[in-house]
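See below for the structure under consideration.
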Amino acid sequence: MVPDQRIHEHPAASAEWLRAARAARSLSVCTLVWLGVESTLGLAAGLAAHSVALIGWGLTALVEAVASLIVVWRFTGARTLSSSAESTARRLVALSFWLLAPYLIVHVAHDLDAGHRATPSALGIVVTSLSLAGMPALGLAKRRLGRRLASAATSGEGTQNLICAAMAAGVLAGLWLNTMGLWWVDPVVAVVLAVVAVREGKRAWGGHTCCH
């Protein structure tokens, strides 16, 4: 049963559902502000360090911002109680996952062919560390809200936040391991992110909201 049907058939639960919808929208607005700063600094650090994974992580923040905008749109005005709006938002979030994968694969291939290697970046380390500290809380909160709202779009946005945190951890590990000569870790992290993005895009498209 879609959320708007539950609300109309169970009026006593409607206030709780609407509070959860407002919470999802508020978290997405806060995330947009965070990601605007994070993406700008992450891309600057990645370009300076010539890190495929760090650049990819910065672009992931942009994709997350798209997903956040979609969720804000989904829970604004009359769309809040619309099952068709949820269906549209779910598919748009899935597409946002798929925006990233081709770029990462092409960029990895280009850098490997050109012989580029990542170098440590103080800015990149600071920005990714902040993401690693904050994004898991945002992602888990949104996935819980997604289950309460039966909203795959909200859950998908939360998953993107978790991917961002995992990518931040991978970038930090890759930069550190690169100082030991393990340069291949950086592009491997980027490729893994591309695979995860494709998988999660398929899940979002299919409407899966459960955590695994």
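The values are calculated or read from the model by the stated rules, or taken from the named source; none is laboratory data. Only a predicted model underlies this, so the values are computations on that prediction, with no experimental measurement involved. Cβ sites come from the backbone with ideal geometry, for glycine too, and all protein chains shown count toward neighbours. Please note that ligands, DNA and RNA were not included when accessible areas were found on the heavy atoms of the full protein model with its side chains. Shrake-Rupley method; radii C 1.70, N 1.55, O 1.52, S 1.80 Å.
A helix-only calculation puts the chain at -30000 deg cm²/dmol for mean residue ellipticity at 222 nm, using -39500 (n - 2.57) for each DSSP H run of at least four residues, averaged over all residues.
Between 0 and 90 degrees, the angle of helix 11-49 with respect to the longest Cα principal axis of the chain falls at about 10 degrees. Taking all protein chains into account, the per residue accessible area for the chain stands at 45 Å² (1.4 Å probe). Count Lys and Arg as plus one, Asp and Glu as minus one, and take only other residues whose Cβ is under 10 Å from that of Gly207; the net charge is then +2. With contacts taken as Cα pairs under 8 Å at a separation of at least 6 residues, the chain carries a relative contact order of 27 percent. Per-atom-type breakdown for the chain gives carbon and sulfur 70% of the accessible area (1.4 Å probe, protein chains only). Only Lys, Arg, Asp and Glu carry charge here, each on its Cβ (+1 for the first two, -1 for the last two); on that basis the chain has a dipole of about 700 debye about its Cα centre. Once the Cα atoms are used to define both axes, helix 52-74 deviates from the longest principal axis of the chain by about 10 degrees. Near Thr60: Cβ cut-off under 13 Å, other residues only, Lys/Arg at +1 and Asp/Glu at -1. The net charge is -4.
The GNM of the chain, with springs linking C-alpha atoms under 10 angstrom apart, assigns the highest mean-square fluctuation among Ser14, Ser28, Ser129 to Ser14.
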